[in-house]
Every structure is written in C-alpha cells, then in structure tokens.
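The structure appears right after this line, and notes come after that.
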Amino acid sequence: MALASADIPASTPPVSDKPSSILTARMSVLMFMQFFVWGAWNVTLGLAMQTRGLGAMIGNAFSVGPIASIVGSFLLGMAAARYLSPRMLMVILHLVGGVILFFLPSLVTPETGSTFVWLLLGYMILYMPTVGLANTIALKSFGDRVDRFPFVRAFGTLGWITAGLIIGWAGLSASPEIFRVAAVVSIALGLYSFTLPNVAADTPPEQGLVKQILCVDAFGLMRQRSFLVFITCATLISIPLAMYYAYASPYVGATGIENVGGTLAIGQMSELAFMFAMPWLYRRFGVKPLLLVGMIAWAARYALFAIGDGGDMLWAVYLGVALHGVCYDFFFVAGAIYTGTIATPKGVNAQAQGMLTLFTYGVGMLLGSQIGALLYAQLPAAPTVADWHQMWWYPAIAAALIALLFQLTFRDTSRKGAMA
C-alpha cells in the first residue's frame with residue numbers, strides 16, 4: 001500500500017525526495033533475506049514436528065514466536081532508543097540467531113522436544129525484533145517517499161516464496177533440516193546488514209530509560225480512537241491467523257498433497273501479486289476498505305478449509321491457500337503503513353512498529369497458538385481431513401465477527417478528508 005507524498009505530515013524528515021534505484025535494490029535484498037529466513041522453517045514446521053512424533057507440542061512451538069514478540073519488543077524499545085542503531089541490531093541479532101538455527105534440527109525428537117521448544121524461543125527473541133527493524137530501516141531510508149515501501153516489501157514475500165519452493169523441491173517439507181537452510185541465509189543477512197543505511201534510532205529528547213523500555217510514547221498513540229480500534233482489531237485477527245501458521249501444513253498434508261512447502265508457497269505468490277497492486281488500491285480506496293477486505297478474506301479462507309478435501313473439493317484447499325495475498329497484504333502491510341503515518345509526526349516510528357509487532361505477532365498469535373493447541377488436542381493422533389473440518393470453522397466464525405466489529409467502529413483520521 002502506498003501513501004502519496006502529500007499525505008505525509010510536513011514534519012517528516014526526508015532522507016531523499018527521490019530514492020535512487022540503488023537504495024531501492026539494497027532495501028529489496030534486505031527484505032528478501034529477512035523473510036527467507038523465517039519462511040524456510042515456519043511454513044512446514046508443524047508437519048516436521050508431527051512427522052517426528054511431536055504433534056502435541058506444535059502449539060507450544062508456535063507460541064514461542066508470540067512470546068518472543070512481546071519480550072523482543074520491549075528489549076528493542078530500550079536498545080534501539082539508547083544503545084544501538086537499527087543497523088547494528090540487525091547485524092548482531094541475525095548472526096547470533098543463525099548459529100542457534102544450526103543446532104535446532106538435532107533437537108527435534110520426542111526425547112529432546114522440550115529443549116527444542118526452549119531453544120526455539122531463544123532464537124525467536126532474537127529474530128522477531130528484526131521484522132520491525134527492517135521496516136524501520138526501509139521507511140526511514142525512503143523518507144517522504146514511503147510509496148516505495150510496498151515494492152520493496154514485495155521482495156520479502158518473494159524471499160518467503162523462494163524458501164518454500166526450495167524446501168519443497170528438496171523434499172525437506174517434513175524434515176528438521178529446514179532450520180539449517182534458514183541458518184545459512186540468517187548469517188548472510190547478518191553480514192549484509194553491515195552495509196545497510198545507518199538510519200538514526202528514535203531517541204526522543206529528555207526521555208528516561210524506563211519510558212523507553214516501556215515504549216510509553218508509542219502506547220500514547222492509542223489515545224487516538226482510530227488507532228486504538230486498529231490495534232484492537234489487529235490483535236484479535238491475529239488469533240485466527242496463528243492457527244493458519246501452525247496447522248495449515250499438517251492439514252494440507254492430510255489432503256494427500258505431497259509437496260506441502262510448494263503448495264503453501266502459492267499463498268505467498270498471491271501476496272506478491274497484490275503487493276504490487278497496493279499503491280493503486282490505496283489511492284483508489286483508502287485505508288479502511290483495504291483493512292476490512294483483508295479481515296473478511298481470513299473468514300473466507302478458513303471456511304474454504306472447512307469444506308476442502310483430497311477429492312472433488314480439493315480446489316477449496318488451493319483457493320484457501322491462494323487467498324493469503326488478500327489476507328496478509330490488505331491488513332498487515334496496510335497496517336504497517338498506517339502505523340507509520342500515525343507515529344512519524346511523534347518521532348516514535350520504530351517504537352510504534354515494535355508495538356504493532358507486539359500486539360499482532362505477540363499477544364494475538366500467542367492466544368491463537370494456545371487456542372489452536374486446545375482445538376488440535378480434540379483431534380485424533382492422526383487426524384483425517386474430516387477431523388480437520390470441524391477445527392477450521394472456529395477461526396472462520398471468529399474472523400467474520402472481528403471484521404464486523406472493525407466495520408462498525410473504525411474511522412480513518414490519518415488523512416485529511418478520509419472517508420469512514
């Protein structure tokens with residue numbers, strides 16, 4: 001989603017009115033590797049764990065990311081504001097994280113399952129802050145020209161797609177070796193981060209350390225009713241989102257599809273297509289319609305999963321996966337830009353992006369992972385497609401109700417003359 005330069009507050013400090021093609025290429029490489037690392041193991045982790053006899057721990061494994069988002073967001077609020085630049089944080093977090101990734105495959109066994117989950121938590125505490133850091137570096141590097149961000153962010157989606165295709169093509173969808181593929185790219189990204197623009201950290205003057213750790217200024221943005229409604233609905237929609245990330249791969253495997261990693265990459269392909277359409281869509285429709293359509297798409301996706309199978313209804317499975325572009329781009333990418341427009345005039349963009357990560361990938365997905373684990377526990381040890389159907393109706397109904405709440409309560413006040 002793009003913002004016209006006229007829509008950006010005049011107080012936004014421009015880095016460059018016309019970002020060079022070299023800068024755009026550098027940010028594109030950053031996003032490609034950032035999401036390749038995550039996509040290499042996250043997509044089929046549930047299948048790998050189920051295959052190795054750790055199906056009962058899938059919910060716990062997918063809870064570490066949300067917990068890490070919460071912990072990492074507070075640590076980021078402290079470090080980014082006072083001690084280290086975003087660039088140096090990227091270097092340190094990805095290099096150390098890459099080393100941890102190399103050790104994870106040997107722990108994916110019933111005997112060491114608990115150790116695996118704890119070490120995965122340690123890794124995710126390092127990784128999750130880098131999502132907000134990558135956004136911050138790109139947005140600050142572009143200055144007023146944030147309309148370049150959707151194009152650059154599209155390469156993150158391309159990285160996720162590439163990772164899924166490589167994992168599927170190599171026959172690693174159900175293998176713990178997915179972590180070592182991610183490790184190689186994580187270390188490469190850590191080294192590459194030395195070359196990133198050295199954008200300034202958000203350091204509000206005369207602000208105490210405690211206020212920085214607690215991201216007080218970013219939380220203060222929620223005094224604006226529209227932003228409070230957005231954060232609330234973003235948190236709620238992340239609850240059903242967590243169930244997709246945790247259980248889509250074993251569900252797709254249960255339908256009889258063999259190349260699970262490649263099949264789930266279809267979702268990122270659609271995400272890439274819609275990413276390039278975001279500038280026009282934003283100019284044409286504005287913020288609220290895009291966010292609302294994204295939420296409705298989540299309800300439609302889960303309804304399709306609830307009727308799909310390995311026979312005549314296999315098309316519903318593929319269509320549900322393909323809806324990922326609408327689900328993700330129309331809400332989460334749009335949400336990142338919307339957050340930037342609200343936070344930039346206050347000088348707390350990095351904190352606000354970290355706070356958005358905290359509520360969505362943190363609080364929301366933690367609740368979703370645990371709720372999903374409770375629902376999964378009601379299924380047989382080797383669930384059939386029919387068993388999965390009853391599980392998917394719960395997030396479908398939840399997403400529909402959240403979309404209704406958003407429609408009734410949200411008004412976009414970030415732009416002059418914005419329509420409700």
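May I ask you to list pairs of residues, at least six apart or on different chains, whose Cβ atoms are under 9 Å apart, with the first in region 284-304 being over 8 Å from F330 (Cβ atoms) and the second being of a type in the set (D, E) and surrounded by fewer than 24 Cβ atoms within 10 Å (Cβ to Cβ)?
Cβ pairs passing all conditions: G286/D412; V287/D412; K288/D412.
For G325, state whether it is crowded, with 19+ Cβ neighbours inside 10 Å and free of Cβ contacts under 8 Å to residues at least 24 places away in the same chain. Write out each step before concluding.
Values: crowded, with 19+ Cβ neighbours inside 10 Å: yes; free of Cβ contacts under 8 Å to residues at least 24 places away in the same chain: no.
No.
What's the number of the only condition in (1) in contact with a Pro (Cβ under 9 Å, 6 or more places away or on another chain); (2) at pLDDT below 85 that G311 fails to meet?
(1)
When residues of region 163-180 are filtered for being open to solvent by less than 40 Å² (accessible area, probe 1.4 Å) and within 29 Å of T24 (Cβ to Cβ), how many remain?
Residues flagged as open to solvent by less than 40 Å² (accessible area, probe 1.4 Å) and within 29 Å of T24 (Cβ to Cβ) within region 163-180 amount to 3.
I need the full set of residues from region 353-383 which are farther than 24 Å from T130 by Cβ and open to solvent by 70 Å² or more (accessible area, probe 1.4 Å), in order please. Please lay out each step first, then the result.
Going residue by residue through region 353-383, those that are farther than 24 Å from T130 by Cβ are 370-383.
Selection gives Q370, I371, L374, A377, Q378, A381, A382.
If you scan region 125-146, which residues turn out to be under 18 Å from T157 (Cα atoms) and among the polar types (S, T, N, Q)?
Matches in region 125-146: T130, N135, T136.
So which residues in region 391-408 are more than 18 Å from F305 (Cβ to Cβ) and open to solvent by 40 Å² or more (accessible area, probe 1.4 Å)?
Step one: list which residues in region 391-408 are more than 18 Å from F305 (Cβ to Cβ), which gives 404-408.
Once the filter is applied, which keeps residues that are more than 18 Å from F305 (Cβ to Cβ) and open to solvent by 40 Å² or more (accessible area, probe 1.4 Å), region 391-408 yields L404, L405, Q407, L408.
Is it true that some residue in region 68-78 is surrounded by fewer than 18 Cβ atoms within 10 Å (Cβ to Cβ), over 20 Å from the mean Cα position of the chain (by Cα) and modelled with pLDDT of 85 or more?
no
Of the residues in region 105-140, how many are open to solvent by less than 20 Å² (accessible area, probe 1.4 Å) and more than 21 Å from the chain's Cα centre (by Cα)?
Count: 4.
Can you name every residue in region 243-297 that is on the phi > 0 side of the Ramachandran plot and either open to solvent by less than 30 Å² (accessible area, probe 1.4 Å) or within 17 Å of the chain's Cα centre (by Cα) (or both)? Before you say what the answer is, go through the steps one by one.
Taking region 243-297 as the starting set, the residues that turn out to be on the phi > 0 side of the Ramachandran plot are 256, 286.
Result: G286, single match.
Return the only residue of L221, L196 being aliphatic (A, V, I, L, M), at pLDDT 90 or above and either within 23 Å of the chain's Cα centre (by Cα) or open to solvent by less than 10 Å² (accessible area, probe 1.4 Å) (or both). Break it down stepwise before answering.
Values: L221 fails: at pLDDT 90 or above.
L196 is the lone residue from the list that is aliphatic (A, V, I, L, M), at pLDDT 90 or above and either within 23 Å of the chain's Cα centre (by Cα) or open to solvent by less than 10 Å² (accessible area, probe 1.4 Å) (or both).
Can you list the helices (runs of 4 or more DSSP H) lying wholly within region 281-359 that have 2 or more residues being under 19 Å from M391 (Cβ atoms)? Please lay out each step first, then the result.
Working: elements: 287-307, 314-322, 324-328, 334-343, 349-357.
Fully inside region 281-359 and qualifying: 287-307, 314-322, 324-328.
Which one is nearest to A399 (Cα to Cα), of the residues in region 298-311 that are in contact with a Leu (Cβ under 7 Å, 6 or more places away or on another chain) and open to solvent by 10 Å² or more (accessible area, probe 1.4 Å)?
A300
Only one of A25, A48 is open to solvent by 10 Å² or more (accessible area, probe 1.4 Å), modelled with pLDDT of 80 or more and of a type in the set (G, A, S); which? Working first, answer last.
On the way: A48 fails: open to solvent by 10 Å² or more (accessible area, probe 1.4 Å).
Going through A25, A48 in turn, just one is open to solvent by 10 Å² or more (accessible area, probe 1.4 Å), modelled with pLDDT of 80 or more and of a type in the set (G, A, S): A25.
The values are calculated or read from the model by the stated rules, or taken from the named source; none is laboratory data. Predicted, not measured: the structure shown is a model, and the values here were computed from it. Neighbour counts run over all protein chains shown; Cβ positions are idealised from the backbone, glycine included. When the accessible area is computed, the model is the full protein with side chains, heavy atoms only, and any ligands, DNA or RNA have been set aside. Shrake-Rupley method; radii C 1.70, N 1.55, O 1.52, S 1.80 Å.
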